[in-house]
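The values are calculated or read from the model by the stated rules, or taken from the named source; none is laboratory data. Owing to the predicted nature of the structure, the values given are computational and were not obtained by experimental measurement. Ideal geometry is used to build each Cβ from the backbone, glycine not excepted, and the neighbour counts take in all protein chains shown.
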Amino acid sequence: MSAMFKTTLRIKTDTPEGRKALGYLKSRDKTRYHSYSDAIIAAVNGYFDRERQLADDPYLETREKEDAFLQRILETVERGAQVNPALRNQWYLLTSGRVNLDQHPYSNSFSPFMSEVHLIVHPVD
């Protein structure tokens with residue numbers, strides 16, 4: 001028989017937090033979490049792993065939010081490129097690795113007075 005740690009979990013259902021926690025446990029994906037114990041173990045490990053990551057890297061959440069924001073921008077541009085033939089070619093060049101924007105002298109400049117942004121693409125030889 002395997003080693004086991006036993007404890008009692010008490011969830012107060014007279015509080016909103018308790019009802020919410022119980023709701024999560026009862027509506028768990030039973031193919032992934034076969035028992036309450038499986039769900040609780042995953043939740044405890046996930047919580048403390050995340051807490052430890054944030055303690056080791058205080059800017060982790062900021063970078064994750066920035067990455068998610070940039071991903072939404074890329075998805076929006078990609079959808080626009082799919083419906084606009086003029087943008088489709090530029091999007092292909094950017095995503096295929098055939099273009100290096102770092103070689104353009106103005107690629108890193110930004111003016112707050114610009115009313116529109118023009119993408120200048122130079123093929124990489």
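Name every residue in segment 1-16 that is surrounded by 10 or more Cβ atoms within 10 Å (Cβ to Cβ) and under 17 Å from Val44 (Cβ atoms), in order of residue number.
Across segment 1-16, the qualifying residue is only Ile11.
Going by the structure shown, is Arg50 under 19 Å from the mean Cα position of the chain (by Cα), closer than 29 Å to Thr8 by Cα, surrounded by 10 or more Cβ atoms within 10 Å (Cβ to Cβ) and not hydrophobic (A, V, I, L, M, F, W, C)? Talk me through it step by step, then tell me what you get.
On the way: under 19 Å from the mean Cα position of the chain (by Cα): yes; closer than 29 Å to Thr8 by Cα: yes; surrounded by 10 or more Cβ atoms within 10 Å (Cβ to Cβ): yes; not hydrophobic (A, V, I, L, M, F, W, C): yes.
Yes; evaluated as a whole, the condition is true for this residue.
When you scan segment 61-79, do you find a residue that is of a type in the set (Asp, Glu), modelled with pLDDT under 95, surrounded by 11 or more Cβ atoms within 10 Å (Cβ to Cβ) and not in a helix (DSSP H, G or I), even just one?
no
In this structure, does Arg28 turn out to be touching an Asp or Glu at 6+ places or on another chain (Cβ under 9 Å), under 30 Å from Thr13 (Cα atoms) and modelled with pLDDT of 70 or more? Walk me through how you get there before you give the answer.
Values: touching an Asp or Glu at 6+ places or on another chain (Cβ under 9 Å): yes; under 30 Å from Thr13 (Cα atoms): yes; modelled with pLDDT of 70 or more: yes.
Yes; evaluated as a whole, the condition is true for this residue.
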